[in-house]
1. For the structure I just gave you, tell me whether residue 46 is over 22 Å from residue 102 (Cα atoms) and modelled with pLDDT of 55 or more.
2. Where residues in the stretch 98-116 are touching a helix residue (DSSP H, G or I) at 6+ places or on another chain (Cβ under 8 Å) and either closer than 17 Å to residue 133 by Cβ or modelled with pLDDT under 95 (or both), which of them is surrounded by the most Cβ atoms within 10 Å (Cβ to Cβ)?
3. Kindly indicate whether any position in the stretch 144-167 is modelled with pLDDT of 95 or more, assigned to a helix (DSSP H, G or I) and closer than 16 Å to residue 95 by Cα.
4. Those residues that are over 19 Å from the mean Cα position of the chain (by Cα) and crowded, with 17+ Cβ neighbours inside 10 Å, I need them from the stretch 155-173; list them, please.
5. Quick test of your reading of the structure: residue 132 fulfils all but one of (1) assigned to a helix (DSSP H, G or I); (2) more than 20 Å from residue 100 (Cα to Cα). Name the failing condition by number.
6. Would you check which residues across the stretch 174-201 are surrounded by fewer than 17 Cβ atoms within 10 Å (Cβ to Cβ), touching a strand residue (DSSP E or B) at 6+ places or on another chain (Cβ under 9 Å) and part of a loop (DSSP other than H, G, I, E, B) and list them?
7. Residue check: is residue 129 buried (at least 19 other Cβ atoms within 10 Å of the Cβ), at negative phi and touching a residue at least 12 places away in the same chain (Cβ under 8 Å)?
8. Could you say which residue among 141, 152 is crowded, with 21+ Cβ neighbours inside 10 Å, within 12 Å of residue 50 (Cβ to Cβ), in contact with a strand residue (DSSP E or B) (Cβ under 9 Å, 6 or more places away or on another chain) and free of Cβ contacts under 8 Å to residues at least 40 places away in the same chain?
């Protein structure tokens, strides 16, 4: 369900005053967690999920084991799916920066992932980058993933209303359009249900606390489970670049 735009105004108003994003600008006090391999990675039938995004994936302001990719991995395990979720979140990444490192990231995996979850664009919006550029970069990311036969899930972002109605419309249309074009699963707003609750957000009002990340993972996990259960048998080692 599309989140209410009106209820999100306090967040985007605050975000607009913190340009560039405190955690996504590369000035985070806590470094992004390095990609980790859980014991499930040793299982022949374990799924490999790539979480490819910015500071909201990297785990700004929280411990590595509290970041979204790690929590998602634990949720998948609880749902009966052996999976390794690789944290490829980088604080400060715009869609252009993500596109530049995509091939390197994919080629560095032990095999082709069974799902790539892409969460980029928030920094573009807060820096006022033309939505056409953001769309082009995200489309190039989706096209590369599709070329490699990797299922896609997009986690979207909302635009600050002070950027104007035309900007908001152009930016927020990116995610559903690309999801339709590339047959990707879509979570319309990554921070939905969390961003307006101070108990779930860090003092910057932009990044979630561990409790907020837990809430996000609770919402996103069923969608990830559905994609993985519909997908084919896990890819064999040695085909990360296929």
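1. yes
2. Ranking the candidates gives 98 first.
3. yes
4. 163, 167, 168, 170
5. Condition not satisfied by residue 132: (2).
6. Residue satisfying the conditions is 183 alone.
7. So residue 129 does not fit the description; no.
8. After ruling out the rest, the residue left standing is 152.
The values are calculated or read from the model by the stated rules, or taken from the named source; none is laboratory data. Because the structure is a prediction, the values reported are computed rather than measured. Note that each Cβ is placed from the backbone with ideal geometry, even for glycine, and that neighbours are counted across all protein chains shown.
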